[in-house]
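Input: a single structure, listed below in structure tokens.
The values are calculated or read from the model by the stated rules, or taken from the named source; none is laboratory data. Keep in mind it's a predicted model, so treat the numbers as computed, not measured. Glycine also receives a Cβ, built like all others from the backbone with ideal geometry; neighbour counts cover every protein chain displayed.
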Amino acid sequence: MNEISLAIRKFSDLANPTRFLALADRVLPWFAALTVLFFAAGLWLSFTTEGDYQQGETVRIMYVHVPSAWLSMMCYTVMAISALGTLVWRHPLADVSARAAAPIGASFTFLALVTGSLWGKPMWGTWWVWDARLTSVFVLFLMYLGLMALNRAMDDPARSARVSAVLVLVGFVNIPIIKFSVEWWNTLHQPASVMRLDGPTIDPEFLWPLIVMAVGFTLLFFTLHIAAMRNEIWRRRVTSLRRQAARNAGRESLAP
Amino acid sequence: MIALFFRDLKLSVRAGGGAMIGVLFFMTVVSVIPFGVGPDLNLLARIGAAILWIGALLASLLGLDRLFQGEREDGSLDLMLMHETPLVLTVFVKCAAHWAATGLPLVVASPFLGLFMNMDELAIGATMLTLLAGTPAITFIGAVGAAVAVALPRGGLLVSILVLPLAIPVLIFGVSAVYAAIEDPAPFLPPFMILMAITLFFAVIGPVAAAAALRHSAD
Amino acid sequence: MRLLVESLSARRGEDLIFHDISFVLATGEALVVTGPNGSGKSTLLRVLAGLLQAESGRVSLKDGPSGVEHPRELSHYLGHRNAMKRELTVAENLSFWRRFLGNSPGGSGIDLAAAAAAVGLAGIIHLPFGYLSAGQQRRMAMAKLLVAYRPIWILDEPTAALDAGADRLFAGLVAGHLERGGMVIAATHQSLGIGQAKTLQMTGFAH
């Protein structure tokens, strides 16, 4: 409880990167420990529950595939909120957050694509189909990579922040397309079976491991994200220290 | 010369380098094709090799104009022209480094895109092999275009226009070798041998011509 | 060793830039090329460096090391641009040029840290070149002259971006090079602070 109230109190003055670093140092071990806990429980559940009578053992891919697909979209949402933070509230950490989230999002999307491919081969008989859901996730993956390339191409973070924030917001249109693609277009990929207004249609046998894994993945995302933000702040400090060093080097040597 | 190779590799991997952009462009080009021709898996499997080859051709043209332009802008090219090492060798090493940074990742990425195209294992293997043998030729041809256009302010597009017609034989034999590999009666080796011959031929002609063009571009 | 320049002339496009320039430079001597903008100083230096074809006349070496066809093989050329990559660190830039250029016969370059110290910038060679200010970049480009040995230095406006302190430092470098038996040819507006230097006044052509 103490942790949470501390976090709320500090959220308002998180703009100060030093405060953020202190907070990150405090919460990271907890997040990491919780992640490990949930993953242990989730994996144990995943491998002890029974396989599907139609799909056999391959159904267990779902416990990785579905959470990483959720995360690929949530990560982009986090980036879009950060982009808003950059453009509207000019929060100095928003850009750090967006920048740090891109590689993580790309990794989760890649994981979703690969596990989906591995699942699709025995189920559909092919590694890949150009179905609406798969294609839009692939486009999301390309967008992550494009944003990463853009971030790398501009070495001055202050300038690149706004440009990439605009691009992130424009790219956000893809998220609803991914979410509803399976309902708008009737394609090979099955429709959602957990997040439904009329309650999950999935068998409780599969639901529990899936939920535990999803929580584990979400915790993993936040652990990685906070750690990546911390690294990004440190990276910027190192850069500015080095520029400072370059400026000082000339002065002392030229003093006669 | 080894120093030059590693310096160019470092430059293309560092921030602002073109190594990652090429692969990204390749993936984007290949993935828009199914939107154009429709998601028919049989059709895609049939034209997959050709699409991969065209995508790789366009992607390897992408960074070529910077091959000498960056060196010229900061004056490094002058020092390379003065040096007693044969300029041909310098150009060759620069091409090799450029290919290792941009061409090789395309070859590595091609199997994954092959899966998207619903190609079977044999076709993917053949495409990868022909790309490995054929993309260096595109770099060597491109070096000539880059050297000719080095002094022009907007050389980028011009390089592509100059180089594409010359690269057509590479495309023809690369794609026909893949089709020879997957369709039974046609033998794989003859077109593949011709492809390798083209690469070796341009590995000699390209640097010589590029070096000559660079010498005359100095002002 | 002597550098012989005989009745050199050069043109760019249709325009004759300079005409009938001759001089002889022996080891330990410096030549300062002066003249107004557009008088052909840079063109002369580029012809000497072998980067431009002369219209007529020739540049040759007397009593030089064997196997050297053109003086450019024994020359450093420092043009308006620094020939250093912003993305790489100073150390990577310098060690690349050291390995790529190699030493001319008769001398050897000093190591990177010593070269950086010689231009007054010791301790920052691990930084990316792009972090340095314009004057620091110019001085690091001069350090490049020291890491690989060349008897002839051809310098085009070497001190353009430098302040007075760096000017003195550079004069010291040139004097040291001349003492060790080098040659320096420099185009400049300001005096380089070199004691006994020949001068060549470029007039250009009145149109």
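Worth a mention:
- Some residue of segment A:121-141 being within 11 Å of chain B (Cβ to nearest Cβ), in a helix (DSSP H, G or I), free of Cβ contacts under 8 Å to residues at least 60 places away in the same chain and charged (D, E, K, R): yes
- Residues that are under 30 Å from residue A:117 (Cα atoms) and of a type in the set (D, E, K, R) do occur in segment B:109-127, at least one of them.
- Any chance residue B:172 is over 17 Å from residue B:69 (Cα atoms), modelled with pLDDT of 90 or more and within 14 Å of chain A (Cβ to nearest Cβ): no
- The set of residues in segment B:76-111 being over 13 Å from residue B:9 (Cβ atoms) and surrounded by fewer than 19 Cβ atoms within 10 Å (Cβ to Cβ) consists of B:83, B:84, B:85, B:86, B:88, B:89, B:108, B:111.
- Positions within segment B:127-167 being part of a loop (DSSP other than H, G, I, E, B) and either closer than 10 Å to residue B:64 by Cβ or touching a Cys at 6+ places or on another chain (Cβ under 6 Å) (or both), in sequence order: B:149
- Annotation note: of B:34, B:39, the sole residue that is over 18 Å from residue B:71 (Cβ atoms) and part of a loop (DSSP other than H, G, I, E, B) is B:39.
- Positions within segment A:145-160 being within 17 Å of residue A:77 (Cα to Cα) and more than 10 Å from chain B (Cβ to nearest Cβ), in sequence order: A:147
- From the list C:44, C:51, C:25, C:78, the one residue that fits, being away from every other protein chain (no Cβ under 13 Å) and closer than 28 Å to residue B:212 by Cβ, is C:44.
- Taking residues in segment C:57-75 that are under 19 Å from residue C:181 (Cα atoms), and partners anywhere that are of a type in the set (S, T, N, Q), the pairs with Cβ atoms closer than 7 Å and at least 6 places apart or on different chains are C:74/C:104.
- Of the candidates B:153, B:169, the single residue that is farther than 30 Å from residue C:51 by Cα and out of contact with any Pro (no Cβ under 8 Å at 6 or more places or on another chain) is B:169.
- Extreme residue, nearest to residue B:118 (Cα to Cα), among residues of segment B:38-94 that are more than 8 Å from every other protein chain (Cβ to nearest Cβ) and touching a Gly at 6+ places or on another chain (Cβ under 6 Å): B:53
- Identity of the residue in segment C:1-43, of a type in the set (Gly, Ala, Ser) and surrounded by 16 or more Cβ atoms within 10 Å (Cβ to Cβ), that ends up farthest from residue C:80 (Cα to Cα): C:9
- Flag for residue B:5 being more than 8 Å from chain C (Cβ to nearest Cβ) and within 30 Å of residue A:157 (Cβ to Cβ): no
- Filter pass, residue B:112 being part of a helix (DSSP H, G or I), at pLDDT 85 or above, in contact with a Pro (Cβ under 9 Å, 6 or more places away or on another chain) and more than 14 Å from chain C (Cβ to nearest Cβ): no
- Of residues in segment A:194-241 being surrounded by fewer than 15 Cβ atoms within 10 Å (Cβ to Cβ), at pLDDT below 90 and polar (S, T, N, Q), the one farthest from residue A:75 (Cα to Cα): A:240
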